[in-house]
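I have placed the structure first, in the form of structure tokens, so that the comments after it can refer back to it.
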Amino acid sequence: MADYDIPETHEFPIIPSIMEGSMAHSSPFVAGKEFQDDMGFPSPEEPGELIEGWKEKFLEIFQDKLNKYRSLQVFMDGCVKCGACTDKCHYFIGTADPKNMPVARQDLIRSVYRYYFTFTGKTLSKFGLAGLVGARELTKEVIDEMYSYYHQCSECRRCAVFCPFGIDTAEVTMAARDILAQIGMGQKYSNQIIPKVHKIGNNLGLPEPALADTLEGLEEEIEDDIGVKVRFPLDEKGADILLVTPSADFFAEPHVDGLMGYAKVFHAAGVSWTISSKASEAANFGLFIGNYESMREISLRIRDAAKELGVKRIVFGECGHAWRVAYNHLNTLAGPWDFLDQNYPIPQHILEFTKDCLDRGILNIDKSENDHMTLTFHDSCNIARASRIGEEPGSQFTTPRQVIQAVCNNYHDMAPETIHDQTFCCGGGGGLLTDDLMELRVKGAQPRMEALKNNIADNGVTHMAAICAICKSQFTKVLPYYGMTMDQIVSVHQLVSNAIILDGQGEEAEESDEAE
Amino acid sequence: MSVLSIIYVVLFYVALAVLIGGIANKIMLYKRVPAPLKIAVTPAPLTTGGVVYRLFYEVVFFNSLFRASKWTWIFGWIFHVSLLLAFFRHLRYVISPDTFIWPLVNNMIVQSFGHYAGFTMLVGLAGLFARRVFVDRVKYISSASDYLMLLLIMGIAGSGLMIVYVAHTDVIQLKAFVMGLFLADPQNLPSDPILLVHITMVLFLAMIFPISKLLHAPGLFFAPTRNQVDNPREKRHISPWGAELEAKDGRNS
């Protein structure tokens, strides 16, 4: 199946002994000139090289970032190398490469910070003693190493939960990636996708006619299935709610089953809603590449779409990092949202919407529809550690579980040290969901796969529900490597969709059953 | 006054200036650099009071470290608490017996706790040192300076204990020297070698504080991941440079 070993899973987690250089070969494709151009980033004259004056440029942008981001400045200074984070990263656990320990990953650029920007590093380097304080000169080899290992971080922030000083490797990774892109080493995967959002409306490059077609197909599918006409409106002016959802929801499994779930909930709640072809994408890869301007541009599409359509509310579908940007940054980047209805959260998560409907008792639920499954729930990193769903701190953990348990009879959590804010990344987040990083993705999934397998063995769990498009895609791909099947990952709203009984549902469906 | 005493008077003032100036400089830098985005690690408090509580819990109990690694936590916590107790013990050198604080410092409890703290401090430091040597992951991330820092503080604790147990110094004269520094009235420093070693190392530590990883102390309070209120939907957060971007293209209006 692969020319590398699939990590073993154990009954109890094991911290590996370090294996230096075990992932030094892992590096995603570098963006070619066309993609760098689209992003406004420079490209070198020869592929694989760096732009002229790259070193000065690197240090100049680095300094600029230190002036603009308090997080970066404080995090560069504050690490004491206590080692608390060293066994927390799923990529370290899965690969044993010491440069995948969060502190070592930070040190790739902190060493450069110390060499060029600190009194100690500057002074000692004059005497050839830079190594004494872990400072090192910036060379092409250092750049290559950064490119490799800053693309072995999914920006999941598990390390930041445990750091006694709150140092967040994601912030360091984002800064480093942006600097690299600006000296000609952008990542192909992300830099190829972002322009599609602007030119076409979504990461997939699904144009408006194709999207309309897809949504019509979904309407037909549901009508065939349950005999009720559930609408999937597109670009409908005057709708109350704008649904912004990851574009994988339009076609991929199990994402699309989740989208049908949202539509059924909206239908049952009797609200008017619409998707916008212009903002037919919740994902915001500007976050992954650490570029504020790019993240803002992508966010502003949603503002423009909301204004054009005259909606009163914005609801986001199941997507992890998109919700991080929506929850934490949409107000900053694309606000103020004074033209929307202030009686609702801006933006609102689909789970908040559904939970509210369940609480008000307006959904007709038949839990037995999900009796063929025993569920567990995967907390997505960006929802668990970088945002909130619901009104209380930590309600990002309870809300999805309450919704699942409101529509399913059989549910078991995975081991406590692998859920909630200690959840393990799926292994494909943060701009790494690309085939050229398959080995990393498979190995990085080890801790989550281990917890899932143990839950399957102990509690007879059959399916894992998730609320993130990247998690769902990643698990679909890696589950088979660990002896499970790709259909064991489901959308939370797929479960809602299975269990919800709409008015008028059943009569025609039964007729068609008889016809069969 | 002896030449030695003059040298140490100068050293004290320089070290104090570097320590205070250096830290003030860094704190001003941390204050000046904006946090453009909300990046609190969640679950995060919904109010400022909640943030104060979160930081208090981190500073006093090392909450995150406790969750991360019990060994590092126990050694690290013992070391820091010992440091605090030793600090209290040393206050008797800078407080005049005429003031009302004097009894709070010069009593059995503060003095004996501060004294035994020397031992517990060594235990904590030895544990942290052992982790660097024996845990392959921690060894990998350690630079020479990480070991030297531990050795320096071990040296300070060790020499301090030696002054108590092996070679007493003239504490009355020592206090006169310290008080003299405050009153700008230089006095002689007892010239016991162990005392000089102790003081020299402390002054060196003070001077490298603002240019080393010891900046973790002020840094803790400035980490946006820990000090931000979780209210991005309710309250718009915008940095000065973010606002400038908006003003330029007007797309947020």
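The values are calculated or read from the model by the stated rules, or taken from the named source; none is laboratory data. What you see is a predicted model; the values in this text were computed from it and never measured. FYI the Cβ positions are ideal-geometry reconstructions off the backbone, even for glycines, and counts take in every protein chain you see.
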- Note on the structure: How many residues of the stretch A:125-168 are farther than 21 Å from B:LYS213 by Cα and not in a loop (DSSP other than H, G, I, E, B)? The answer is 11
- Restricting the stretch A:58-102 to residues that are of a type in the set (S, T, N, Q) and within 24 Å of the chain's Cα centre (by Cα), the residue that is nearest to A:ASN291 (Cα to Cα): A:SER71
- Query: Given the residues A:LEU108, A:LEU180, which is the only one that is surrounded by 24 or more Cβ atoms within 10 Å (Cβ to Cβ) and more than 20 Å from A:ARG441 (Cα to Cα)?
  - Reply: A:LEU180
- Message: Among the numbered criteria (1) closer than 19 Å to A:LEU432 by Cα; (2) within 12 Å of another protein chain (Cβ to nearest Cβ), which one does A:ALA282 miss?
- Response: (2)
- Item | Qualifying residue in the stretch A:117-126 (condition: surrounded by 22 or more Cβ atoms within 10 Å (Cβ to Cβ), closer than 30 Å to B:SER142 by Cα, without any contact (Cβ under 8 Å) to a residue 60 or more places away in the chain and not hydrophobic (A, V, I, L, M, F, W, C)) | yes
- Residue count, the stretch A:163-175, condition touching a residue at least 40 places away in the same chain (Cβ under 8 Å) and more than 19 Å from the chain's Cα centre (by Cα), comes to 4
- Note on the structure: Over the stretch A:292-315, the set of residues outside any helix (DSSP H, G or I) and away from chain B (no Cβ under 12 Å) is A:GLY310, A:VAL311, A:LYS312, A:ARG313, A:VAL315
- Item | Restricting the stretch A:346-397 to residues that are polar (S, T, N, Q) and part of a loop (DSSP other than H, G, I, E, B), the residue that is farthest from A:ILE470 (Cα to Cα) | A:ASN364
- Message: Residues that are closer than 16 Å to A:VAL80 by Cα and within 17 Å of the chain's Cα centre (by Cα): does the stretch B:186-199 have at least one?
- Response: no
- Message: Just the residues that are touching an Asp or Glu at 6+ places or on another chain (Cβ under 9 Å) and within 30 Å of A:LEU358 (Cα to Cα), please, taken from the stretch A:472-488.
- Response: A:LYS472, A:THR476, A:MET486, A:ASP487
- Test for A:LYS199: is it under 20 Å from the mean Cα position of the chain (by Cα), of a type in the set (Lys, Arg) and either within 14 Å of chain B (Cβ to nearest Cβ) or surrounded by fewer than 24 Cβ atoms within 10 Å (Cβ to Cβ) (or both): no
- For the stretch B:110-143, how many residues are within 14 Å of chain A (Cβ to nearest Cβ) and of a type outside the set (A, V, I, L, M, F, W, C)? 10
- Unmet criterion (only one of (1) assigned to a helix (DSSP H, G or I); (2) in the same structural domain as B:PRO224 (by TED's automatic domain parsing)) for B:ILE78: (2)
- Task: Considering every residue within the stretch A:84-93, establish whether at least one is more than 13 Å from every other protein chain (Cβ to nearest Cβ) and at pLDDT 95 or above.
- Result: yes
- Task: Consider A:ALA326 carefully, then state whether it is touching a residue at least 24 places away in the same chain (Cβ under 8 Å), in the same structural domain as A:SER473 (by TED's automatic domain parsing), within 21 Å of B:SER253 (Cβ to Cβ) and surrounded by 24 or more Cβ atoms within 10 Å (Cβ to Cβ).
- Result: yes
- In the list B:LEU83, B:LEU55, which residue meets the criterion of being closer than 23 Å to B:PHE204 by Cβ and either among the hydrophobic types (A, V, I, L, M, F, W, C) or surrounded by fewer than 20 Cβ atoms within 10 Å (Cβ to Cβ) (or both)? B:LEU83
- Inspect the stretch B:193-203 for any residue being crowded, with 18+ Cβ neighbours inside 10 Å and modelled with pLDDT under 95 and give the result as yes or no. no
- Conditions (1) closer than 21 Å to A:GLY261 by Cβ; (2) within 10 Å of chain B (Cβ to nearest Cβ): number failed by A:TRP323: (2)
- Query: Among the listed residues B:GLY242, B:GLY180, B:GLY160, B:GLY219, which satisfies the condition of being more than 17 Å from the chain's Cα centre (by Cα), small (Gly, Ala, Ser) and within 14 Å of another protein chain (Cβ to nearest Cβ)?
  - Reply: B:GLY242
- Are any residues in the stretch A:359-375 within 18 Å of A:VAL271 (Cα to Cα) and surrounded by fewer than 19 Cβ atoms within 10 Å (Cβ to Cβ), and if so, which ones? A:ASP359, A:ARG360, A:GLY361, A:ILE362, A:ASN364
- Note on the structure: Of the candidates A:GLY310, A:GLY317, A:GLY335, the one satisfying the condition of being modelled with pLDDT under 95 and assigned by TED's automatic domain parsing to the domain that holds A:PHE250 is A:GLY335
- Criterion: assigned to a loop (DSSP other than H, G, I, E, B), over 30 Å from B:GLY180 (Cβ atoms) and either of a type outside the set (Gly, Ala, Ser) or out of contact with any helix residue (DSSP H, G or I) (no Cβ under 7 Å at 6 or more places or on another chain) (or both) - qualifying residue of B:LEU37, B:LEU55: B:LEU37
- Query: Only one of B:TYR30, B:TYR8 is closer than 29 Å to A:GLY166 by Cβ and of a type in the set (Phe, Trp, Tyr); which?
  - Reply: B:TYR30
- Looking only at the stretch B:102-115, decide whether some residue is assigned to a helix (DSSP H, G or I) and hydroxyl-bearing (Ser, Thr, Tyr). yes
- With the checklist (1) surrounded by 18 or more Cβ atoms within 10 Å (Cβ to Cβ); (2) more than 21 Å from the chain's Cα centre (by Cα); (3) basic (Lys, Arg) in hand, flag the one item B:LYS70 doesn't pass. (1)
- Flag for B:THR72 being in contact with a helix residue (DSSP H, G or I) (Cβ under 8 Å, 6 or more places away or on another chain), within 14 Å of another protein chain (Cβ to nearest Cβ) and modelled with pLDDT of 95 or more: yes
- Quick check, is B:ARG92 surrounded by fewer than 18 Cβ atoms within 10 Å (Cβ to Cβ), basic (Lys, Arg) and assigned to a helix (DSSP H, G or I)? no
- Among the residues of the stretch B:1-33, write down those that are buried (at least 17 other Cβ atoms within 10 Å of the Cβ) and outside any helix (DSSP H, G or I). B:VAL33
- Out of the residues in the stretch A:385-408 that are in contact with a strand residue (DSSP E or B) (Cβ under 9 Å, 6 or more places away or on another chain) and small (Gly, Ala, Ser), state the one that is nearest to the other protein chains (Cβ to nearest Cβ). A:SER387
